[in-house]
Each structure stands twice: as C-alpha cells, then as structure tokens.
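The values are calculated or read from the model by the stated rules, or taken from the named source; none is laboratory data. All values derive from a computational prediction rather than experimental measurement. As a convention, Cβ positions derive from the backbone with ideal geometry for all residues, glycine included, and neighbour counts pool all protein chains shown. To get the accessible areas, we keep the full protein, side chains included, count just its heavy atoms, and leave off ligands, DNA and RNA. Shrake-Rupley method; radii C 1.70, N 1.55, O 1.52, S 1.80 Å.
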Amino acid sequence: MRRIPYVVLAIYALVGGLGPLFIDYNPVRASLEDRLRGPGSQVSTGIAWLGTDGLGRDVLAQVVYGARTSVVIGLATVVVSCVIGVAIGTVAGYFRGWLDTVLARGIDILLAFPAILLTIVIAGAFERSVLVVVTALSATAWISFARVTRGIALSTRERAWVQAARVLGVPRISILVRHILPFTAGPVVALATLEFALVVLAEAGLSFLGIGLPNSAVSWGQTIANGKQYLATAWWISALPGIALSLLIVNIGILGDQLTARYGQRGRRS
Amino acid sequence: MFRVIVKRLLTGVLVMWGAASLIFLIVRVAPGDPVTILLGTDASAEQIAELTASLGLDRPLLSQYLTYLTDVARLDFGRSYLLGQPAMPEVLERVPATAELMLTSTAIAVVVGLALGLLAGSRPGSIVDRIVSACTIALQSFPTFWVGIMLILAFALAFRMLPSAGAGTPAHLVLPSVTLALPFTAIVARLTRTSVAETMGEPYIQTARSKGLTERQVLAGHALRNSLIPVVTVVGLHMGGLMGGAVIVENVFAWPGLGSLIVDAVSNRDYAVVQAATFLIAGIVMLFNLVTDLVYSQLDPRIRLDGAV
C-alpha cells in the first residue's frame, strides 16, 4: 500500500518524459471535421482514445503534454524556491540579528496576501511565459522553506558540536554548510513534496484563468478551461485532464504525508 | 489586553505599508506603460506628454512613491480606466457578493467538517474513520476549478437542478459555495478528527463515562467542546486561503464578486483596480488574523497574548 504513490508518480514521470516522443501533438493545428468527437472515436489521425476538443485536437495528447508541462514547472519552481528559501532561512536562523527581523517582517507582508492572489497579480503584470509563471509561483513558495529551515538553524546553532566548531575557529560559512545544512535535508524533502503539489495546482489554476502559460504551451488548466464552453455536449474535454491532475495531486499528497510523518516539521502555508 | 490590541494594530499598519509598497513595486516593474494603456497606441505626442505630467509619471520615482503612499492612506487608488470610475468604490461594491459566498462556505465547512471529524475521531481506526480520512485527502487535493466544473456538469446540465452561473437567488449560491467549501471542510474534518481522537484518551472523558453519561453526552459535552478551539483558529487563519479560493471559484461560476473583478482587472491591466483590490484584501486578511488571535485567547484561558504566541 505504501508503495502506491511511488508507482503512480513513476508512471506520470514516464508518461510526461517519454509520452511526447511517441505521441505527436501540435497545439495550433486545428482539424474541423474532427471537432468534439467522443472518447474512442475514429478521427483523421487515428483513434482519439480520450476524444477531441472544440478545435479537433486530441485530448489524450493534451493530457500527456500537460503532464510534462506540470512536472517541469513544478520541479523548476520547487528547486528555485527551495534554494532561495533554504539559503535565507538558514542564514537568518544562524546569524539572527537584524537579518532575522527583516526576514520575519518580509514574510508577514507576503502572508498578508492570499498566495494565489499574489501569484495572479505578478503573472498577470508580465508577458505570459514559462519564466514568469515560475517566478510568480516561487514568489510565495519559498516562504515555507525559509520558515522550516530557520527553525532548524535556530535550534541546531546551540548544539555542542556547532559551539565546538565555533570555538575552534571554523569559518562561519563552513559551519553553516557542514554542520547546519545537513540537518535541514529531511524536512526540506518532505516539504518539497507538498510544495510540488501546491505549485502544480496553482499553475493549473493560473492557466485556467488565462493568465498562466502562453497558448502555445499545453497545460491541463487550459484544456479544462477550453472544455468549459462545451460541457453540455463534450464533457470529456474538461473532465479527463482534471482526473489526471487530481490523481497526481492525491498521490503527491499521500507521499508528502508519509515523508512528513517520518521527518517531522510542517511549514505548509494555508 | 488593550495594549496587546494596540501593539498588533501598529504591526498591522507596518504590514499594510509593506503590502502597499510591494504592490507599487510590482506595478512599476511590470512592462507596458500606463499612458499607452489609457490612451491607446495612436495618441499624439502632446496627449502623451500631457497625461504623463498629469499622472505625475515624469517626476522622480521616490516622489511618485511618496505621492502614492499619501493616496493609499486616503484609500485613493486612482480611476479605473475600464470603468471610468474611482477604483476603490468599484472594489467595495463587489465586497458583499464575495462576503456572502465566503460566509456560506465557512458555515458549510464548519458544520459538515465538525460532524465528519466527530464521526471519525470518536472511533479511531474504524471503517468510518478510514472512509472519512480517505475522503478528506481527496477533497483537499482536487483542484477547485475542476470540481466546480464537474458540479456544473452533474447538477446544472445532467440533473438540471441548479443554475450553473450568475447570482441573485439562493439557488445560485449553492454550487459556488459548496465548491469553495469542500477543501475547507476537509481541513476542518481532519483537525476535528485528530483533536477528538486525542481528547477521547483524556482522563476526564473516562470520568464522564464512569459518571454514567451516555456516549452521545460525552461526545457533545466534553470531546466536541475542547475540539472547538483549534477549529476557531483554523477558520480565522484560513480566511486568506478561502479568499484565494474565492478568486478561482468566482471565475468558474461567473459570481460577481471581488475575485472575478480582480481577474478581469489583471487581464486588462487595469492597475488602479488591481491595486485597490489587493490592498483591501490584504487589510481584510490582516484584520481576520488579529480577531482570531483575540477570540482564541478568550476561548482558552491557558493562552495569554502578552507572552510568546
């Protein structure tokens, strides 16, 4: 039972990574005679197992390419916000002082906005691109990493071996990297899993609202939004990518809970 | 108590100043200049110069920032170029619809969440507990906008029981508020479950049972009451998250609240409205956090705000 999330995530990684090699899809190619065909129907390019959308584009291909988009954006955002958050958190927790105060107030200010709202405003202000989406998502995602690692640094700095290193005259940077940073690894991995789920959801939400990725990119959020106007006649356009998205998030959530139970520390924002 | 409130309010003012500055920064860094947006691309050089001067955009950045801050202090965010009206009144007009949605959702989430949590927490490890736990994980993970669309598909299109979009009658409120409430219900249920399960092991529960109280009385009188405290906190602290959810849900159901206003304004680069709305929301979230802290300390005499919280 505990292995299920790993298996499901491996399938997503495989489909997202290798699927685009096998399935050809061009988001701007429309085929009018294949419009709104149900799952399993015969279309000009073969069998559309998950049906086609309002422009005759294959929904299965959109699900596969969307998996790649979600995983790439999720990973990029988690890596960026993890590096920034861990760096700021450990430095603030270890050195304390004005740096720590500035960090605490800065986080207070960012938390005054609902995370998705800040993301919408940042993403909407700039030209639609992958870089802008990753930046907008990272703008709030780093906070949890900073909070968790700050707490760990605060408690670890008082431990005997850190004090011993300080007395021996080990440079502060080395103390931080060799004696503090390793202790953040477990909780950071657990947190990264949960953040990945939140980021993938937020990206889909942005694209659903039409302020996320450019139209040339394939995103589950966009496909779901496109299908909304055909709900009465072609339910599969919105329903199926949503199932793919939900299944992914559920499994990451379970994995994240397992990891959190093992490593403790929760810094998840509401 | 009074000193605590004053201190929190002062911190709040500091946070709001930071929030206003952050909004200023984002809007200034963003490409696309407001004059071209207001006049369109075929304006004459004279018109552009005139509007630039009248908006103060030719002055140094610091002086623009100071003017901006004094305007913010008077809640003046300029005119919405789309609506032609001052931005703040337009934003305030949308508040009741969003408040209606959020209040209904909170009520649903608290009532259903408490019931589910009590059901699961009173018999930890039972089949009911497992089912409730599985449901809460699912509800928390499903993307709200997709759940909303699926509800439209089922209840508006297939069964034709409820309207799919718009506002006005109580029937219009059902689908959006349920959609918004679902993940929140899961959070309340999980929290109540943990808290009730913990409380059931306490000695005073055993005492209550040995006094001969029925299981129902024990649950309602002793276990539930103690579990209410964390629920109050999570409801208060979750207003920000609920607000964020409302932004998306309002767009799914064309609900005429703050959320659909913001997304429209962001898409059309109507920065006056974007600034007014984000500032207002930051203020509301901050007030909710303050009130939650105060209510929390009143509910549980073990908590004192003067110390570290």
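A few notes on this one:
- Cα pair count fraction exceeding 31 Å, expressed as % - segment B:88-299: 30 percent
- Modelled spin labels at A:Arg172 and A:Arg3, positioned 7 Å past Cα toward Cβ, are 4.9 nm from each other.
- Loop trypsin sites (Lys or Arg not before Pro), segment B:1-110, which have at most 10 other Cβ atoms in a 10 Å radius of their Cβ (DSSP): B:Arg74
- Residue with peak Gaussian network fluctuation, chain B [Cα springs, cutoff 10 Å], from B:Thr144, B:Thr194, B:Thr136: B:Thr194
- Here the sum of -39500 (n - 2.57) over DSSP H runs of 4 or more residues, divided by the residues of the protein assembly as shown, equals -23500 deg cm²/dmol at 222 nm, to the nearest 500.
- With the charge dipole of the protein assembly as shown set up from +1 on Lys and Arg Cβ and -1 on Asp and Glu Cβ about the Cα centre, the Cα lying farthest toward the positive end among the listed residues A:Leu18, B:Leu175, A:Tyr6 is that of A:Tyr6.
- Average accessible surface area per residue within segment B:1-102, 1.4 Å rolling probe, Å²: 63 Å²
- In segment B:1-53, inverting the average of 1/r over every pair of distinct C-alpha atoms gives 14.2 Å as the Kirkwood radius.
- When the solvent-accessible area of segment B:88-299 is split by element, carbon and sulfur atoms take up 67 percent of it, the probe being 1.4 Å.
- Per-pair calculated FRET efficiency, R0 = 22 Å: B:Ala171 and A:Ala232 via Cβ, rounded to 0.05: 0.70
- Looking at segment A:46-269, the accessible area is 38 square angstrom per residue; that uses a 1.4 Å probe and ignores ligands, DNA and RNA.
- The mean sequence distance of close C-alpha pairs (under 8 Å, at least 6 residues apart), as a share of the length of chain A, puts its relative contact order at 24 percent.
- Summarising the amide proton neighbourhood of A:Val43: residues at separation of 5 or more, or on other chains, whose placed amide H is nearer than 5 Å comprise A:Ala48.
- The fraction of accessible area contributed by carbon and sulfur in segment A:46-269 is 67 percent, rounded to a whole number (1.4 Å probe; ligands and nucleic acids excluded).
- Chain A: C-alpha pair distances exceeding 23 Å, %: 58 percent
- Interface area, chains A and B: about 3500 Å² of buried accessible surface, summed, with a 1.4 Å probe and ligands, DNA and RNA left out.
- In the elastic network of chain B, a GNM with C-alpha springs shorter than 10 Å, the most mobile of B:Pro96, B:Pro124, B:Pro203 is B:Pro203.
- Assuming charge only on the beta carbon of Lys and Arg (+1) and of Asp and Glu (-1), the dipole of chain A about its Cα centre is about 1020 debye to the nearest 20.
- Per residue of B:240-249, other chain Cβ atoms within 10 Å of the residue Cβ number 5 on average.
- A DSSP coil position with no more than 15 other Cβ atoms inside 10 Å describes the following chymotrypsin sites (Phe, Trp or Tyr not before Pro) in segment B:145-185: B:Phe159.
- Charge dipole magnitude, Cβ of K and R +1, D and E -1 - segment B:121-223, Cα centre, debye nearest 20: 160 debye
- Cα gyration tensor shape of segment B:1-106, rounded if a/c is under 1.5, else prolate or oblate by comparing a/b with b/c: oblate
- Charge-dipole axis of segment B:88-299 as Lys and Arg at +1 and Asp and Glu at -1 on Cβ define it, positive-most pick from B:Leu242, B:Ala223, B:Val110: B:Ala223
- The label point for A:Ala164 and the one for A:Arg35, both projected 7 Å from the Cα toward the Cβ, are 7.5 nm apart.
- Between the alpha-carbon centres of segment B:45-90 and segment B:264-286 there is a gap of 15 Å.
- Equivalent ellipsoid dimensions for the protein assembly as shown as semi-axes, Å, which come from the Cα gyration tensor, largest first: 37, 34, 28
- Separation in nanometres of the label points that stand 7 Å from Cα toward Cβ, at A:Ala87 and B:Ser126: 5.3 nm
- Given charges at Cβ of Lys, Arg, Asp, Glu: segment B:199-309 dipole, positive-most of B:Leu261, B:Met286, B:Thr233: B:Thr233
- Within-12-Å neighbourhood charge of B:Ala87 [Cβ basis; K, R +1; D, E -1]: -3
- For segment A:169-270, the dipole from Cβ point charges (+1 on Lys and Arg, -1 on Asp and Glu) about the Cα centre works out to 360 debye, to the nearest 20.
- GluC sites (Glu not before Pro) within segment A:155-255: DSSP coil, no more than 15 neighbouring Cβ in 10 Å: A:Glu158
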